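Bear in mind these aren't lab numbers, they're just calculated from the coordinates by the rules spelled out. On a predicted model such as this, the values are computed, not experimentally measured, just so you know. Here the Cβ positions follow ideal geometry from the backbone for every residue, glycine too, while neighbour counts run over all protein chains shown.
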Amino acid sequence: MTERIRLAHGGGGTLMQRLIDEEFRPLLNGTVHDGSVMDGSLQDDPAAGLHDAALLTLPPGRLAFTTDAYVVQPLEFPGGDIGRLAVVGTANDLAMAGARPLRLSLAMILEEGLELSLLRRLVASLAAAARECGVAIVTGDTKVVERGKGDGVFLTTSGIGVVETPEPIHPQRIQVGDGVLVSGDLGRHGVAIMAARHGLDLQPPLASDCAPLWPAVEALLAAGVEIHCLRDLTRGGLASALQELATAASLSVLLEEDAVPVAEPVARSCDLLGFDPLHLANEGRFVAVVPPDHLEAARKLLEPHGGALIGQVEAGPARVRLRTPYGSERLLLPPSGELLPRIC
C-alpha cells in the first residue's frame, strides 16, 4: 500500500514527530548544518538541538532579507522540482541585492494524500539545492491541509544574506548611458513547465534553467565590475523585469531584438504556440545594468555562459522599446494575463 500524508501528520502529535524524525531529519542531516528540520529550529551550533527559534551568528555588515512562496504544477519537471525551485529562487533574490546567501527558513504546506515517496524526493532535492547554493536551512514549519485544498505541496521560504557590494544595487542607481546585459538565454523555465504539464515531447528535450545566480554575481564583483542594478527574470520574463526597472528609474530602455539570446527549442515552441520568449519565466537568469566603462568586463564574464549585451538606458519616459532586425521599433509591454500559471 502506498504511504501517503494524512491530516494527523500535521496535528502536532506522535505521527507528526515521526514525519519529522524519519523523513525530514535524515534527509537534511549532514547537508545543511547537520539536521535542520521542519517544524522546529536549529541554532548555528548543531549540538544545541531543536528550539522555537534559530539563533544565528552572521558576519558583520549589512544584511539582505527576502521571502517568497512557491506553487508549481507539475511538482517535478525537467531540470528541477518545487523543492529546488524554492531554495534556488530565494537564494537568487538575495543575490540580486548583491548579497551572499547564508540562511533560509522553509515552511511546507502538504496536502492530505500526498505520496511520501514524492515528499522524500522533494526534501532530498531541496537539501541538495541548499548545498549547491551554500546556504543552511535553519528553521521551518510543516502543516497539512485537507485533500483537494493544497495542490500537493506549497512552499514558503525566507532568506538572509550578507551584502558584499560597497554601493547599493538598486533601480534608482540606473543612469542614462548604462548598458543592459542578460546572463543567459531566455524562456527555458516557462517552456519546460509547459511541456511537462501538457505532455509535450520537445526534441531536443528542454530543461528548466533553475540554477543559483550568486556565482555569476560574485564573479562580476570580484572582477571589479560596478553594478547599478540586478533583477532576476522570473514571472513575466524580461519584459516585466525591464518595465519595472524603467518605471522605478523613470528612464527609457532600448533593446536590440537580435541581440537577445533565445535557445532554438524555445524559439520554435514560441513560434508554434504563439508565445513571446521575452514574456516567459526564467529561474536561473538575471538582467544587469552596468555603467559604460564596465560593460566590456561584464560582457566578457557573462558571454561564455550564454550572456549578452542587449540594450542601453536612455533619457525619456519610463518605457521599454524593442528595435527589430529591420530597424523598426515597438514597445515591449509586460504580459497582461496569465500565460503559464503556477510556474514558480
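Overall, the chain carries a charge dipole of about 320 debye about its Cα centre when +1 sits on the Cβ of Lys and Arg and -1 on the Cβ of Asp and Glu, all other atoms neutral. Between Leu118, Gly307, Val290, the Cα set farthest toward the positive side of the dipole of the chain (charges on each charged residue's Cβ, about the Cα centre) is that of Leu118.
Below 10 angstrom from the Cβ of Leu213, what's the summed charge of the other residues (Lys, Arg +1; Asp, Glu -1)? Summing Lys and Arg as +1 and Asp and Glu as -1 gives -3. Model label sites at Ala69 and Glu256, defined 7 Å from Cα along the beta-carbon direction, differ in position by 4.2 nm.
Would you please give the FRET efficiency between Lys300 and Leu331, computed as 1/(1 + (r/R0)^6) with r the Cβ-Cβ distance and R0 = 30 Å, to the nearest 0.05? Walk me through the numbers on the way to the answer.
On the way: r = 31 Å, r/R0 = 1.04.
Once the sixth-power term is evaluated, E becomes 0.45.
Between region 128-144 and region 216-281, the C-alpha centres lie 28 angstrom from each other.
Just checking the listed ones, Gly89, Gly306, Gly179: in the Gaussian network model of the chain with Cα springs under 10 Å, the one fluctuating most is Gly306. Local charge for Arg121 was computed over the other residues whose Cβ lies under 14 Å away, with Lys and Arg +1 and Asp and Glu -1, and equals -3.
What ranking of Leu280, Leu302, Leu221 emerges when the number of other C-beta atoms within 10 Å of each C-beta is taken as an exposure proxy, fewest first? Walk me through the numbers on the way to the answer.
Values: Leu280 30, Leu302 23, Leu221 18.
Exposure proxy ranking, most exposed first: Leu221, Leu302, Leu280.
Can you sort His294, His189, His170 so the residue with the fewest Cβ neighbours within 10 Å comes first? Walk me through the numbers before you get to the answer.
Numbers: His294 19, His189 33, His170 15.
Taking fewest neighbouring Cβ atoms as first place, the list is His170, His294, His189.
Give me His305, His228 sorted ascending by neighbouring Cβ count inside 10 Å, so fewest comes first. Let's see the in-between values first.
Numbers: His305 12, His228 23.
Lowest to highest Cβ neighbour count: His305, His228.
Under 5 Å from the amide H of Leu102 lie the amide H atoms of Ile160, Gly161, Val162, each residue being 5 or more positions distant or on a separate chain, with H modelled from the backbone and absent for Pro and chain starts.
Helix check for the chain. Which DSSP H runs span at least 30 Å along their own axis by Cα, with a mean Kyte-Doolittle hydropathy no less than 0.5?
Values: long enough: none.
Passing helices, by number: none.
Applying both filters, DSSP loop and at most 10 other Cβ atoms within 10 Å, to the GluC sites (Glu not before Pro) of region 236-344 gives Glu338.
Remark on the chain: Rg and Dmax equal 21.0, 68 Å (Cα only).
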